Amino acid sequence: MVASESGKTALKVAKALRGLDVNVVCVTAYAGVRRPLGGEWPQINGEKREKLEEFGVKILDEARWIFGCTFDYAFLKTHTPSKAIHMFLSRTMGYGFKTAVEIALIAADVGAVPTDEEVIAIAGTGRTGGGADCAIIIKPAHVYGGEFIDLEKGAEVKEILALPRLKFTDYMIRKIKESRSYL
């Protein structure tokens, strides 16, 4: 699976894997993220969407992101701040790592990937300069009901295939400082 807001990265992955017996899943922004910011939704549309569909790519553009305001109480029935999880994973492992874990959970929740097999998740710092710079092998799990944190059935990163040494691009650092926000 691959995180791709424009579909460009998903198309590169689909082309690279053409002819292999693999399923490609693209997780992208949902309407609740795009529309309030004045963005177009679905974000992947037109020729790019048609091309992805020709390659058999499953596009997930209706699933909520995991590490956001809906995560804390709705899923865990506790007040663990998901922004803190987001900040911690992004700062220690990189934004792509956080996103790779997140898209694996999203894809599992909507049934796009199995929860009893390992999958590859690709993500990164995208248009802020790093591109798809992280790839992990993960056994995903469902978020609802807390399965993803269960010791036996939970999500587990099995291997890190690629992880950037530079966790934030100069552009990201400048924007963070300007907003006086951690992420």
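The values are calculated or read from the model by the stated rules, or taken from the named source; none is laboratory data. Fair warning: this is a prediction, and the values are worked out from it, not measured in the lab. Ideal geometry is used to build each Cβ from the backbone, glycine not excepted, and the neighbour counts take in all protein chains shown.
Things worth noting here:
- Of the residues making up region 91-125, those that are small (Gly, Ala, Ser) and more than 15 Å from Met1 (Cβ to Cβ) number 1.
- Selection count, region 129-164, where residues are on the phi > 0 side of the Ramachandran plot and part of a loop (DSSP other than H, G, I, E, B): 1
- Any chance Lys177 is over 22 Å from Val2 (Cα atoms), modelled with pLDDT of 85 or more and either among the hydroxyl-bearing types (Ser, Thr, Tyr) or surrounded by fewer than 18 Cβ atoms within 10 Å (Cβ to Cβ) (or both): no
- Conditions (1) at pLDDT below 85; (2) crowded, with 21+ Cβ neighbours inside 10 Å; (3) over 24 Å from Lys12 (Cα atoms): number failed by Ala84: (2)
- Answer residue from region 18-38, given it is of a type outside the set (Lys, Arg), in a loop (DSSP other than H, G, I, E, B) and more than 19 Å from the chain's Cα centre (by Cα) and is modelled with the lowest pLDDT among those: Gly38
- Flag if Gly96 is at pLDDT below 90 and more than 17 Å from His142 (Cβ to Cβ): yes
- Pair list, Cβ under 9 Å, 6 or more apart: region 80-102 residue within 17 Å of Glu156 (Cβ to Cβ), other residue at pLDDT below 80 and acidic (Asp, Glu): none
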